[in-house]
Amino acid sequence: MKDVIIALDFANRAETFAFLDKFTEEKPFVKIGMELFYAEGPSIVREIKARGHKIFLDLKLHDIPNTVKKAMKALSSLDVDMTNLHAAGTSAMMRAALEGLTRPDGSRPLLIAVTQLTSTSQEAMERDILIEKPIDEVVMHYAETASLAGLDGVVCSPLEAGKVHGACGKTFLTVTPGVRFAEGEKGDQVRVTTPAKARELGSDYIVVGRPITAAENPAEAYRRCVREFLG
Ligand code: C5P
């Protein structure tokens with residue numbers, strides 16, 4: 001199911017709820033990242049969930065399989081809807097994560113892989129982690145490995161969504177940040193697309209931060225995003 005996910009990139013609970021209080025008519029799907037989670041702990045997840053929001057918990061786990069399995073079990077019991085890990089942890093780690101996430105009744109949150117971070121350049125990859133293949137090839141290989149391990153999708157640019165669906169199948173989810181309104185500020189994002197373009201390119205979920213969080217009327221900006229993305 002396609003949706004718009006708002007990135008709650010706030011430093012604390014007060015700022016987060018001041019923002020969420022502006023949504024009186026709808027309960028958007030939201031992303032909680034490391035900053036907010038580490039500042040406020042699991043209770044922030046429970047509180048936001050109790051308000052009726054779906055939650056993507058973006059903690060990008062990467063550790064030995066046994067540790068990731070146990071950590072995922074804890075996250076699953078928080079009743080999040082989607083969470084993620086680094087595909088670089090290998091397929092053994094990804095399979096362990098899926099086991100940890102699966103609840104006694106067989107249900108589990110969606111599990112999404114991060115491939116190479118968009119902040120990693122070809123040069124840094126070659127120099128620091130001795131990966132000498134072209135970065136696009138590395139990203140696609142990580143996506144295919146995640147798919148074979150049984151994960152539900154990857155975080156990628158909307159510009160890569162078609163390629164990912166081509167290699168991993170149409171039902172393999174593409175969760176895509178880097179979205180801006182046509183006339184909006186890019187901020188520090190380099191390659192951006194509009195919500196309408198992301199839809200055209202086949203994104204399953206768009207992750208939108210500042211175009212909504214920094215808007216004068218966030219609820220209206222969110223609605224515009226939904227209109228453009230879902231049509
Ligand atoms: O404010 P903005 O729309 O740029 O926020 C995008 C969100 O998506 C942020 O939470 C950012 O950390 C996240 N993200 C990203 N690029 C990636 C992975 C995650 O922008 N490659």
| query | Which one is surrounded by the most Cβ atoms within 10 Å (Cβ to Cβ), of the residues in the stretch 189-216 that are over 16 Å from T118 (Cβ atoms) and without any contact (Cβ under 8 Å) to a residue 40 or more places away in the chain? | reply | P211
| message | Any residue at all in the stretch 198-209 that's within 16 Å of the ligand (Cβ to nearest atom), touching a strand residue (DSSP E or B) at 6+ places or on another chain (Cβ under 6 Å) and among the hydroxyl-bearing types (S, T, Y)? | response | yes
| query | more than 15 Å from the ligand (Cβ to nearest atom), buried (at least 21 other Cβ atoms within 10 Å of the Cβ) and farther than 14 Å from F29 by Cβ - does that describe any residue in the stretch 149-161? | reply | yes
| Tell me, which helices (runs of 4 or more DSSP H) wholly within the stretch 182-231 include 1 or more residues that are within 21 Å of G33 (Cα to Cα)? | 210-213, 218-230
| Tally of residues being under 16 Å from Y142 (Cα atoms) and outside any strand (DSSP E or B) across the stretch 156-176 | 13
| request: Name the single residue, out of those in the stretch 11-49 being closer than 14 Å to I212 by Cβ and within 16 Å of the chain's Cα centre (by Cα), that is surrounded by the fewest Cβ atoms within 10 Å (Cβ to Cβ). | output: F29
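Every number in this text was worked out from the coordinates using simple rules, so none of it is lab data. In this text, all values refer to a predicted model and were calculated from it rather than measured experimentally. Because the Cβ atoms are built from the backbone with ideal geometry, glycine has one as well, and the counts that use them run over all protein chains shown.
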